[in-house]
Each structure stands twice: as C-alpha cells, then as structure tokens.
Amino acid sequence: MSALTEIDPTGAGLNADALARIAPWMDRLVAEGRLAGLSVTVARRGRLAFARACGQADLARGTPFTLDTVTRIYSMTKPLTSVAVMQLYEQGRFQLDDPIARVLPDFAEMRVAVGGNRAKIETEPARRGITVRDLLTHTAGLTYGFMEATLVDAQYREHGIDFLAREGSLAEMTHRLAALPLLAQPGSAWNYSVATDVLGQYVAALTGRPFDQYLREEVIAPLGMVDTDFHVRPELMPRFCATYAYDRARQLKRFDDSVETIFARPPAIASGGGGLVSTAADYQRFCRMILNGGTLDGNRLLGRKTVALMLANHLTGDLASMGTPRFAETSYTGIGFGLGFSVMLDPARAQILGTPAEVAWGGLASTAFWIDPAEDLSVVLMTQLVPSSALPIRRELRVLTYAALDD
C-alpha cells in the first residue's frame, strides 16, 4: 500500500477495538462457506488503518487470498473512465450538455421505445440528443442486456450488445448499439447501463487514441496503479483469483477460473464500464486521489473543482424518484448519482450507515468501495462472488467501519 504508509487506527481517529471487529466478520464469511476469500482495507486521513485478507483466491488450487490478489473489479472500472472523460472536459474539449452525436454521429437520430412486442417495438423520436452528462449519470436511456426486464433489454441480447465480448471492436459495438431504440427519453430516467462503455468510445474519438491506451497513460499510470489493466499480465497470473457463484444448495461453485480465463489475454474491446482487473492497494490509490481533490503523489489528474462537480448529485432527486428498482448495486431511496458514482443523499432514507455527499460503487463480483470526504475515509472490499446481490456484505462492512469512528 505505497500511498498509505502506516497502520495506525488511533492516529487515524478510529477505535482500534471496534475496527478489529472486521476481522472475525471476515473469518466467519469464509468459515461458513459464503465467500472463498476477501480483503478489506480502511484508510483515513492518509493512513491505512486496517488491511487484512483471508480465505482462498482459488479453492481448487489452495491459493491464498491476499492484499495483492488481482480481482475482476467489473463496474468499479466506471469511476476511472469517468475521470478520463472529465480530464478532457477540463481541456475544453466539450461541455457536459453537449450532444454526444457531435463526436459520435451514429447517435444523431435516436428513437425511444414506447410499446409493441418482441417481434416489433413501437418507437418515437428522441426529443433531444443524448448528452455527455446523460452518459455519466446513466440517464441516457440506455440499458444492459442482462437486466431481462424490458423489450429493449431483449434487443441488446439479440444483437449481441456486450462490451465484455472478446471479439469485435469498441467502435463497432458502439455503432451497433446506436441502431437500437432507447429505453426512455434522454434525461428523463435513471437506468444502469452500458453508458460508460459509450464514454470509452467518446474518449477514443476525441483523442484519436485507443481508449485502453488513453486510460493506461492518463489515469492508471499517473496513479501508480501498477497491477491494474484490462487483462492480467503474465507476471501477475499467479496472483489472479477465481470467481464463484452459489449453486442451488448455496454452495460455492466456480464461475470463472484463475488460470483458464478470458482475462489472461488482452480483450478486443476495452470495456470502460466493466473491463478492468485491479488490487486493493491500487484501488485505494484511486480513492486517495479523489479525497485529495484530484492529485496523488504530486501527480495532478483533475482540479479540485472538477472533482467536487463529479461528487455532486446530478439528478433531480434520488434514484427512486427517477428509476425503477431492478438493480442491486445500491439502494434507490436516499441515493443520488454524480458523474460516475452513486452519491449519498440521506442515510436514514437509504437505511444504511454513511455520510451525506459520500460516493460509492461496486462490481458484479461483489467488490465495492466508498469514499467519504467529510470523514476523509475510503474503504475497499475485494472478493469474487457473482452476483453482487448474493450477500449483504457491503451494508455489513459499513456498520463495522462507521462504528469505529472516534473523532
């Protein structure tokens, strides 16, 4: 954890005895067979107050889960992509309410689903273009094929809209997406979606550089996230973990191998919405940069006002007022959304411990993080259980962490 140099709960304003309760909680999750392995890191005031791993990264091979275990972070990729977009915003390349069609002309004449059936969807013209802000806040009218809730979701599956596919290209996938109807009028509803993948192509088109190259050179490398990439480099494969899911008997079964895995080779499509692998140490560096207002170890990725803008709620209310709950990464009530993160509006309404204006997100395999600027606190949970709704571990970890605050 090179960015955070001492393990000192008391010096970080945390009660050591209360914070120590996280360890037996972790051990129980593993001993009861609910998780194969996990790690938790808690940092406050620039100090690493808690760092522990337990269990197995690969049950069949007996590989231990450590603080250096490389995990699939899936949707925790999205905040890094959002930082890349906002770097270009700071350079004057666009305004947040610019239509993306100025850069990605395939999105110039969008239509919105209003009815029909699977054989024929009825549509109407979009009342306005999709903007950059719409993509950053998931209000563009896009969706995910895995939702399996609407006719538009079905269209995504039928047309192979999958940005984690190992064939094709980011430009080609985005082109195919633009030919499909939107789920809602742009700006009218919050719906979790492939929007951040489209932002990857937006970055590529604006800069003339492949998106993965831009992200590595302008975000990942300046942050010193040395183990973070769109695939697991050969020298990191011994530290890579398997992913698990529950079978019908609620027993862990392998979902993706730690050796025979698509993540062992570079992808054809660099998914800005879910393609990265990373470690606890690397992601804490990203969190620290956000808490520092855009800088880390002398490297300035963003200005502090830009970071503040990203952390603000950009919805007219909370997620519940703008979306239909069909996705489990977060509570809908009392939670808003900024430019790449969920934003805590009201912990009482959200019914989870937290602080107004904290930001958070997670990934498909139950990884999670949150950043609390008011408390100068960041927490990173790494594990590999699909789907993220399988266990309430994020809420449980919040209780254990916030209960340890002394000052």
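All of the numbers you see were taken from the coordinates with simple rules; none came from a lab. Every value quoted in this text rests on a predicted model; they were computed, and no experiment measured them. Here the Cβ positions follow ideal geometry from the backbone for every residue, glycine too, while neighbour counts run over all protein chains shown.
Here is how the numbers come out for the structure above:
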| quantity | calculated |
| --- | --- |
| For the chain, radius of gyration divided by Kirkwood radius, i.e. Rg to Rh on alpha-carbons | 0.95 |
| Calculated Rg and Dmax of region 308-361 using C-alpha coordinates, Å | 9.9, 29 |
| Sorted by Cβ neighbour density within 10 Å, fewest at the top, the residues TRP25, TRP190 | TRP25, TRP190 |
| Region 283-373: trypsin sites (Lys or Arg not before Pro) falling in loop per DSSP and having at most 15 other Cβ within 10 Å | ARG326 |
| Cleavage-rule hits, trypsin sites (Lys or Arg not before Pro), region 159-265, DSSP coil, Cβ neighbours within 10 Å at most 11 | ARG248, ARG250 |
| Rounded Å value of the spacing that divides the Cα centres of region 309-327 and region 124-162 | 16 |
| Over region 96-175, equivalent-ellipsoid semi-axes from the Cα gyration tensor in Å | 20, 18, 12 |
| Spacing of the two label points (7 Å from each Cα toward its C-beta) at THR295 and THR324, in nm | 4.8 |
| Packing-based exposure ordering (other Cβ within 10 Å, fewest first) of HIS231, HIS159 | HIS159, HIS231 |
| Kirkwood hydrodynamic radius over Cα pairs of region 133-208, then Stokes diffusion coefficient at 4 °C and 1.567 mPa s, in µm²/s | 103 |
| √(5λ) per eigenvalue of the Cα gyration tensor, region 155-249, largest first, Å | 27, 22, 14 |
| Modelled FRET efficiency - R0 51 Å, TRP25 with ARG209, Cβ distances, 0.05 increments | 0.70 |
| Area projected by the alpha carbon convex hull of region 6-131, averaged over all directions, nm² | 14.8 |
